[in-house]
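I'd like to ask some things about the structure below.
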Number of protein chains: 4
Amino acid sequence: MPNQTDLMMLRNKLRDFATAREWDQFHSPKNLSMALMVEVAEMMEHFQWLTEAQSFDLAKQNKDAVSEELADILLYLVRLADKLEVDLLDAALLKLEKNAIKYPADRVRGSAKKYTEY
Amino acid sequence: MPNQTDLMMLRNKLRDFATAREWDQFHSPKNLSMALMVEVAEMMEHFQWLTEAQSFDLAKQNKDAVSEELADILLYLVRLADKLEVDLLDAALLKLEKNAIKYPADRVRGSAKKYTEY
Amino acid sequence: MPNQTDLMMLRNKLRDFATAREWDQFHSPKNLSMALMVEVAEMMEHFQWLTEAQSFDLAKQNKDAVSEELADILLYLVRLADKLEVDLLDAALLKLEKNAIKYPADRVRGSAKKYTEY
Amino acid sequence: MPNQTDLMMLRNKLRDFATAREWDQFHSPKNLSMALMVEVAEMMEHFQWLTEAQSFDLAKQNKDAVSEELADILLYLVRLADKLEVDLLDAALLKLEKNAIKYPADRVRGSAKKYTEY
């Protein structure tokens, strides 16, 4: 399927996966948001006692574990967006544009302050 | 760029965005995992008092807000994967395969029990 | 110590615990907030596929595991409040008063809408 | 009430608060765990771009906001424990004892490694 984006491809694979296992009954957006949160926490647990500098080295030591956790997060996110009927790619591109306006480079360079503080 | 996947395209846009604003200094994986968590919580807040059934209707009422929150989650996830040098699409496809083996359809149909309970 | 509240007692025990193990170096508020988040996610994981009704039965089946997770959350919260020099009990009592004003019983009875919607 | 601990006192105030507003219907453990998570994220958001050292100064600048967020976390935690019929203080004291055995001071001094790595 030449025109199918990878997010759409993941979305379809996840639909097939859930249907084959009769898991749609558990996949309310409420439940999926919780599952997504739990996966992000599993990722975050690696970093809790590390310094910021040490956190860059994480993937080198735990390449497989880290990749798998990032994958879990993406899969639940794609599934949640599907159930909420949101086009994830369109939404991301739109948000990038909004952010460019919200945080003009010449004004915010080098600062992490929230834009309302400018 | 015909061969560039959309996740790779988002990754590159995010690199340019951060570089132009000198924000790389804040983008340690430790910090990015926290920012990602905060965005997931903002999404989850919509559902906390809703029933599972009501949670399906969320996007209809709050289409723009919900889309934007899902976008924020994806953008931070792509950025985090980039800083950890993980190919998000490859990792997701690999995890889907692992899940198919971990949860064979004929064994788990209709049940949300963890696979070690089979 | 007759006047010592239980939150203060937990705070002191946690100070001794960390000092004896030279763990203060890891206990920045930033790190403690991440550890707290991870513990809440471990608790939340029990509920992600359960219905709200089923979630009431959780403690009956997993009494020890659930109690331990709630304990972990309280311990990290007390530790975080200590490092931020906040009196947890005073803050909670003050917030209860604020909430009573923010959500007058006669106006909000039976509704979970945010108060700005009234 | 001389024997009533402060956690028990908060628990009773929260029961009265919810009953007066007919909010028990929303307070399933599933929902309360989500609300708790959202409050922890609101706290964590303050730290996401700060260094660990900067995170110690947070309460000085934002004393009221930080106190209120810690209060919210405690209130939801007490409410959740109540609905799961767990005695929070007993659970915390028991966990402190377990931790002392799990992490003997002479073995773990100065290290944040998980105990199974010893």
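As an exercise: evaluate A:SER111 against (1) more than 7 Å from every other protein chain (Cβ to nearest Cβ); (2) assigned to a helix (DSSP H, G or I) and give the number of the one condition it does not meet.
Just one mismatch for A:SER111, condition (2).
Select from segment A:24-33 the residues that are surrounded by 20 or more Cβ atoms within 10 Å (Cβ to Cβ) and either part of a loop (DSSP other than H, G, I, E, B) or more than 7 Å from chain B (Cβ to nearest Cβ) (or both) and list them in ascending order. Show your work before the answer.
Step one: list which residues in segment A:24-33 are surrounded by 20 or more Cβ atoms within 10 Å (Cβ to Cβ), which gives A:27-33.
Answer for segment A:24-33, where residues must be surrounded by 20 or more Cβ atoms within 10 Å (Cβ to Cβ) and either part of a loop (DSSP other than H, G, I, E, B) or more than 7 Å from chain B (Cβ to nearest Cβ) (or both): A:HIS27, A:SER28, A:LEU32.
Yes or no, residue by residue, for (1) touching a strand residue (DSSP E or B) at 6+ places or on another chain (Cβ under 9 Å); (2) aliphatic (A, V, I, L, M); (3) surrounded by fewer than 19 Cβ atoms within 10 Å (Cβ to Cβ); (4) modelled with pLDDT under 90:
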site	(1), (2), (3), (4)
A:ASP64	no, no, yes, yes
A:ARG79	no, no, no, no
A:LEU84	no, yes, no, no
A:ALA100	no, yes, yes, no
A:SER111	no, no, yes, yes
A:LYS114	no, no, yes, yes
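Within segment A:9-16, identify whether any single residue is assigned to a loop (DSSP other than H, G, I, E, B) and not hydroxyl-bearing (Ser, Thr, Tyr), and answer yes or no. Spell out the reasoning first.
Pass one, segment A:9-16, residues assigned to a loop (DSSP other than H, G, I, E, B): none.
Scanning segment A:9-16, I find no residue that is assigned to a loop (DSSP other than H, G, I, E, B) and not hydroxyl-bearing (Ser, Thr, Tyr), so the answer is no.
Counting only residues that are in contact with a Pro (Cβ under 7 Å, 6 or more places away or on another chain) and outside any loop (DSSP other than H, G, I, E, B), which one in segment C:41-88 is nearest to the other protein chains (Cβ to nearest Cβ)?
First, the residues of segment C:41-88 that are in contact with a Pro (Cβ under 7 Å, 6 or more places away or on another chain): C:47, C:55-56, C:58, C:80, C:83-84.
Then drop every residue that is not outside any loop (DSSP other than H, G, I, E, B), which leaves C:55-56, C:58, C:80, C:83.
Details: C:SER55: 4, C:PHE56: 6, C:LEU58: 6, C:LEU80: 7, C:LYS83: 7 Å.
The selected residue is C:SER55.
Provide a single number: the residues in segment C:13-23 that are within 14 Å of chain A (Cβ to nearest Cβ) and aromatic (Phe, Trp, Tyr). Spell out how you get there, then give the answer.
As a first pass, look at segment C:13-23 and keep what is within 14 Å of chain A (Cβ to nearest Cβ): C:18, C:21-23.
Now drop any that are not aromatic (Phe, Trp, Tyr), which leaves C:23.
Within segment C:13-23, residues that are within 14 Å of chain A (Cβ to nearest Cβ) and aromatic (Phe, Trp, Tyr) number 1.
The values are calculated or read from the model by the stated rules, or taken from the named source; none is laboratory data. Because the structure is predicted, anything quoted here is derived from the model rather than measured. Neighbour counts run over all protein chains shown; Cβ positions are idealised from the backbone, glycine included.
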